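The values are calculated or read from the model by the stated rules, or taken from the named source; none is laboratory data. Every value quoted in this text rests on a predicted model; they were computed, and no experiment measured them. Here the Cβ positions follow ideal geometry from the backbone for every residue, glycine too, while neighbour counts run over all protein chains shown. All accessible areas refer to the heavy atoms of the entire protein, side chains included, with ligands and DNA or RNA removed. Shrake-Rupley method; radii C 1.70, N 1.55, O 1.52, S 1.80 Å.
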Amino acid sequence: MDMSADAAALDALATPALAGPTPTNTGDGPDGADGAVALGDLTVMMIDDEPMLTEVIGTYLEDAGYSRIVGINDATVALEQVRALNPALVLLDLVMPGVSGFEILQAMRQDEQLRYTPVIVLTAASDPDTKLKALSIGATEFLAKPVDPSELVLRVRNSLVLKVYQDRLANSDPVTGLPNRRVLMERLRGNLAQALAGDRKVGLLHVRLDRLQQLQATLGQTAGDELLRSAAQRLRSRTRRDDDGVRATRAETSLLCRLDGDEFLVLLPNLADPEACVRVARRVLHALAEPFQVGNDRIGVSPSVGIALAPDDGQTPEDLLAIAAAAAALACSSGRNTYRFGSRQRNQAAMERLKIEAALHHAVERRELRLVYQPKFDPLQGRIVGVEALMRWQQTELGPIFPDRFIPIAEETGLIVPMGEWALQEACEQGERWMRQGLESLKVAVNVSGQQLASGALPALVAGLLERHPRMRGALVLELTEGVLIDASPEVNAQLQQFRAQGVQLSIDDFGTGYSSMNYLRHFRLDEIKIDRSFVKDLPAQRSDLSIVRAMTMLGHSLGMRVVAEGVETAEQLACLAEVGVDQIQGYLIGKPMHPDDLAGRAAEIAVRGAGQPVPAG
Ligand code: G
Ligand code: G
Ligand code: MN
C-alpha cells in the first residue's frame, strides 16, 4: 500500500473554494477579483479570419500577463474549438468567410456549457444596427477595430472579473464558500469515467452533523450558518494529510463540498486502496469531535460518515450519492461519531477490524501477548544456533487471531510500538534464562517494525535491556524488512550504527520480496540476510529459484554477511541449501515456532538425530 501520496492529495480540503475554471495562482498574471484566481491563467480565445489581427491582439494580451491565448482564423472550425477548450472569454469577429460571427454567437447561446461565456464582439463599423443585433443575440461587449491596446486590456479584464464572480456564485455554497453540488457532480462524473477505464477506485464520503437542525430551531439560522462555517473550516484545515494513500495529480485532488442542510461530501478520486477512505473518515470524525463555539454556547455535532466506493458499490454519481447517504444514516443509527460503508461485506469486515483494534489496545497491559521461538539450524555444525521470537496473541473472546492479521492492524494504529517493545523485553529475559541454562551461543532474533525505529525510543530501550541482561550482549539480533532500510532517514541510519556499536546484530527479513533495491546494501553495514521462503518452497526442482538463492548467497557472503534460508520444510530443500552454502536454515523441518521451555529439548534431539531426519516438529 502506498503511504506517501502526493502532497497535493486532499488539497481541496485545505484551499478555499474556487469555482469554474480552476487555474493555479502563479501570482504573475493580472490580479483577479477573487484572490484565489489569477486571471492570467484563464483561457482567452480570439476568432478572426485576419491572422494579422489575432497576432496583434495576442501580443497585447501577452504583454498584459495573459498566458493562455488561442487564436482561430478558420471560422468554420471555431465553434468546435470553443466547445473543446471552453474558454473563459471569446473575442469574436462578426464578418468572416464561411460562417459569420452571428452564427457562432447564436450557437454558443444555445449550448448548455457556453451559454454564459462572455463574448466581446470586434466590429469595424460603428454601425448601431449591427451592434443592436449582436446584443440581442447575446454579445457581452464591443471593441472597435482597429483595436486600441489599453481599451482591449480593460474590456478583457472586466469581462473576466465578471465571469469569475459569476462562476463563483454558480458553483459555490453561499454559506461556507465550499464548492456545491454542481461542482461535485461534474467532478464525480469525470472521476468515475477514469476509474471505470482503469483499475482505480473512487471514494465518496457523506458527512452529516446531527445536531444542526435542532440548533437552527432553537438558536436560529444565523447560529446554524456560523456552525457550518466553523465545521467547513475545520474540515478544510484539519483533515489534510498527505499520507492518506490518496494518489492524486494536480488536476484531480480530493474535493470537499457542501450540499444541502447539514451535509458535507468528500470526494476521493483515484484510490489505490479502499482503506484510504477509512483514514480520511477517521480524520473527519476527529476534526468534528470537539464542540463548536457558537455565540456563547459550546455545541457538539455528533458527526456520522457514510462511505461509498466506486465502481464496487455503484457506477453513477446519483447511485454513489444515495449509497453514501444511506451509509451515513446507518452510521448515525449505530450511535454516531462513527463511519459505515455502503456494502454489507465491507461493513462486516470493518466491524471485525474495529473489534480487533479495540481488543489490541489492551493486549499488552492484560498480558495477552506471548512469544514463541522458531529455531535456526546450522547445517555445518549440525546444531541449533539461534531462534526467532514470534508474537502470539491469546485473545479469548475473538478466538485465535494470527499475526498476519493483527500485526498489520498494530502497524496501522501505532500499537506495534508498545507491542514490539514488550517483545524485545520478553525475548531478552528469555535469552538470559536460556544462557544460564547452558545454551550459551544461542542468538535471539526479534522482529522490529519500521515504526519502532521511527519512534526513536529503541536505542535507549536496547541499551537498558543489555545492561539488565548482560549475557544478551552479542546475542541479540534485530530483524528488519527491506522497506525499512530503503526509506531510512539519516536518524534511522544513525540508530542502526548505534545498535551495531552495542554489539546488536542486524538482519534483513524477507530478503528479495521488498523493493529489492541493492542500493541500501551500500549504505548500511548489516550482519545477516534471510532469504524469503517464497524462493525456497519450490526447491530443489525449480531451477530459476535455485539460481536466485545461489546468487543471493554469494551476494551476502561477499558483503561479509551471514545467509539464512526461511521456510525450509523438506530434507531435500535442506540438502540443496547446504550445498549452495547457506549458513543457517529455518523452517518447519527444523522446528515450528515453539514454547520456550521446549527449545532445549528440541536442540538436544537435533544434535543427536540430525536435522534432516523426519522428526516430529513441535
Ligand atoms: O509466525 P508468523 O505467523 O508468526 O508471523 C507472521 C508475520 O508477523 C511475520 O512477517 C513476522 O515477521 C511478523 N511478526 C511476528 N512477530 C512479530 C513481532 O514481534 N514484531 C513484529 N514487528 N512483527 C512480528
Ligand atoms: O516474516 P517472518 O520471516 O518474520 O515470518 C516468519 C513466518 O514464517 C511466521 O509466520 C512463521 O510461522 C512462518 N514460517 C516459519 N517456517 C515456516 C515453514 O517452514 N513453512 C511455512 N509455510 N511457514 C513458515
Ligand atoms: Mn522475521
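The figures follow:
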read-out	value
Positive-end residue of Phe524, Phe499, Met45, charge dipole of the chain with Cβ unit charges	Phe499
About the Cα centre, charge dipole magnitude for region 181-342 (Lys/Arg +1, Asp/Glu -1 at Cβ), debye	380
Added length on full extension, which subtracts the Cα-Cα distance from 0.36 nm per residue, Leu354 to Leu259	31.2 nm
Radius 15 Å from Cβ of Arg562, net charge of other residues (Lys, Arg +1; Asp, Glu -1)	-3
Pairwise FRET efficiency - Leu196 versus Asp598, Cβ, R0 = 51 Å, nearest 0.05	0.40
Of all DSSP beta bridges in the chain, antiparallel share, percent nearest 5	50
Heavy-atom accessible surface of the chain: percent carbon and sulfur, 1.4 Å	50
Mean separation of Cα contacts under 8 Å (6+ apart) over length of region 64-137, as relative contact order %	32
Region 130-143 - phi-based ³J(HN,Hα) in whole Hz, Karplus 6.51/-1.76/1.60, Gly and Pro as x	4, 4, 4, 5, 4, 4, 5, 9, x, 5, 9, 8, 10, 9
Karplus-derived 3J(HN,Hα), 6.51/-1.76/1.60, for each residue of region 536-547, Hz, glycine and proline x	9, 4, 9, 6, x, 5, 6, 5, 5, 4, 4, 4
Leu506 long-range amide H proximity, modeled H, under 5 Å	Leu478, Asp527, Glu528
Burial ranking of peptide ranges 420-428, 538-546 (average Cβ count within 10 Å, highest at the top)	420-428, 538-546
Between region 138-180 and region 49-95, the Cα center-to-center distance that results, in Å	16
For Asp49, net neighbour charge (Lys/Arg +1, Asp/Glu -1) across residues whose Cβ lies under 11 Å away	-4
Dipole in debye (nearest 20) - the chain, about Cα centre, beta carbon charges: Lys, Arg +1; Asp, Glu -1	1900
Burial order of peptide ranges 383-389, 351-357 (average beta-carbon count within 10 Å, highest first)	383-389, 351-357
Förster radius 25 Å - calculated FRET efficiency between Arg370 and Gln502, Cβ distance, rounded to 0.05	0.40
For the chain, calculated [θ]222 nm from helices alone, where every DSSP H run of n ≥ 4 adds -39500 (n - 2.57)	-14000 deg cm²/dmol
For the chain, with +1 on Lys and Arg beta carbons and -1 on Asp and Glu, the positive-most of Gly58, Ala463, Val161 along the dipole	Ala463
Approximate spin-label separation Glu491-Ser534, in nm, with each point projected 7 Å along Cα-to-Cβ	3.1
5 angstrom amide H check on Phe524, placed H, neighbours 5+ away	none
Contour minus Cα-Cα distance for Asp63 and Gln451 (0.36 nm per residue)	134.3 nm
Linear extension gain, Arg83 paired with Glu429, 0.36 nm per residue minus alpha-carbon span	117.2 nm
All lysines inside 19 Å of Lys376 as judged from Cα atoms, apart from same-chain residues fewer than 8 positions distant	Lys443, Lys530, Lys537, Lys592
Computed label-point distance, nm, for sites Ala124 and Ala272 using a 7 Å Cα→Cβ extension	6.0
Sorted peptide list for 575-582, 262-269, criterion being average Cβ within 10 angstrom, highest first	262-269, 575-582
At R0 = 56 Å, FRET efficiency that the Cβ-Cβ distance of Arg609 and Asp312 yields, to 0.05	0.55
Per-residue ³J(HN,Hα) for region 292-298, Karplus 6.51 cos²θ - 1.76 cosθ + 1.60, θ = phi - 60°, Hz, x for Gly and Pro	9, 8, 10, x, 9, 9, 10
Interchain or long-range residues, amide H under 5 Å from Leu89's placed H	Met45
Between helix 221-238 and the chain: long-axis angle, C-alpha atoms, 0 to 90°, nearest 10	50
Solvent-accessible area per residue for the chain (1.4 angstrom probe, square angstrom)	46
Proximal charge balance of Gln345 [Cβ under 14 Å; K/R count +1, D/E count -1]	+1
Crossing angle, helix 275-289 versus the chain [Cα axis fit, 0-90 degrees, rounded to tens]	70
